[in-house]
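Data block below; observations after.
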Amino acid sequence: MAFDQEEFNVCIAQGDTWVLELQLFEADGTTPINITGRVARVQVRETPAAVAVLLDLTDGSGLTVTPLDGKIAINASTTPITILGDFVWACELGGAEVEEIANGQFKVLQDIVR
């Protein structure tokens with residue numbers, strides 16, 4: 001199944017909680033896509049071609065997947081990225097096919113309140 005890839009830009013302060021919920025729908029826009037058997041993964045890297053992964057989230061480790069509702073909830077309770085700057089992130093669904101369903105810029109700012 002091919003998904004329309006969506007772009008979501010994220011801007012957080014260093015060490016903040018990152019919360020984002022993605023939900024996939026059929027073409028009618030109201031019927032959730034059943035993603036049972038698919039494996040969700042989110043990664044943050046310095047660039048799309050970078051080998052090093054700054055943040056790697058999977059189901060039960062920063063992600064909560066509700067397959068029948070087509071939902072992927074990102075809840076990185078404390079973002080462990082310690083360097084400031086502009087990065088990229090993406091979410092993919094694995095299984096028989098691997099498809100990137102969302103991506104965007106990921107900016108980490110200096111934490112002001114400590």
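Read-outs throughout are calculated quantities, based only on the coordinates presented, and are distinct from any laboratory measurement. As the structure is a computational prediction, the values presented were derived from the model and not from experiment. When we count neighbours, we look across all protein chains shown, and the Cβ atoms used for this are built from the backbone with ideal geometry, even at glycine.
What label, among (1) 33, 28, 28; (2) 43, 29, 24; (3) 47, 28, 24, belongs to Cα extents along the principal axes in Å computed from the structure on display?
Only one option fits the structure, namely (2).
In nm, what is the difference between 0.36 nm times the number of residues separating LEU109 and LEU68 and their Cα-Cα distance?
Values: separation 41, 0.36 × 41 = 14.76 nm, distance 3.57 nm.
Answer, rounded to one decimal: 11.2 nm.
Evaluate the charge dipole of the chain about its Cα centre and quote only its size in Debye, nearest 20, assuming +1 on the Cβ of each Lys and Arg and -1 on the Cβ of each Asp and Glu. The partial results should precede the final answer.
Details: 6 positive and 17 negative charges, 89 e Å.
Dipole about the Cα centre, nearest 20: 420 debye.
Run the numbers on the chain and let me know its relative contact order in percent, using alpha-carbon pairs under 8 Å that are six or more apart. Could you put the intermediate results ahead of the total?
Details: 251 pairs, mean separation 42.8, N = 114.
Once normalised by length, the contact order is 38 percent.
As a test, work out the antiparallel percent of DSSP beta bridges whose residues both lie in the stretch 6-109, rounded to the nearest 5. Don't jump to the answer; show the numbers that get you there.
Values: 31 of 39 bridges.
Just about 80 percent of them are antiparallel.
Roughly how many nanometres apart are two label points built 7 Å out from the Cα toward the Cβ at THR17 and VAL51?
So the two model labels end up 3.6 nm from each other.
Go ahead and run the numbers for FRET between LEU84 and GLU7, Cβ-Cβ distance against an R0 of 22 Å, rounding to 0.05. Please list the in-between numbers first.
Details: r = 22 Å, r/R0 = 1.00.
Using R0 = 22 Å, I get an efficiency of 0.50.
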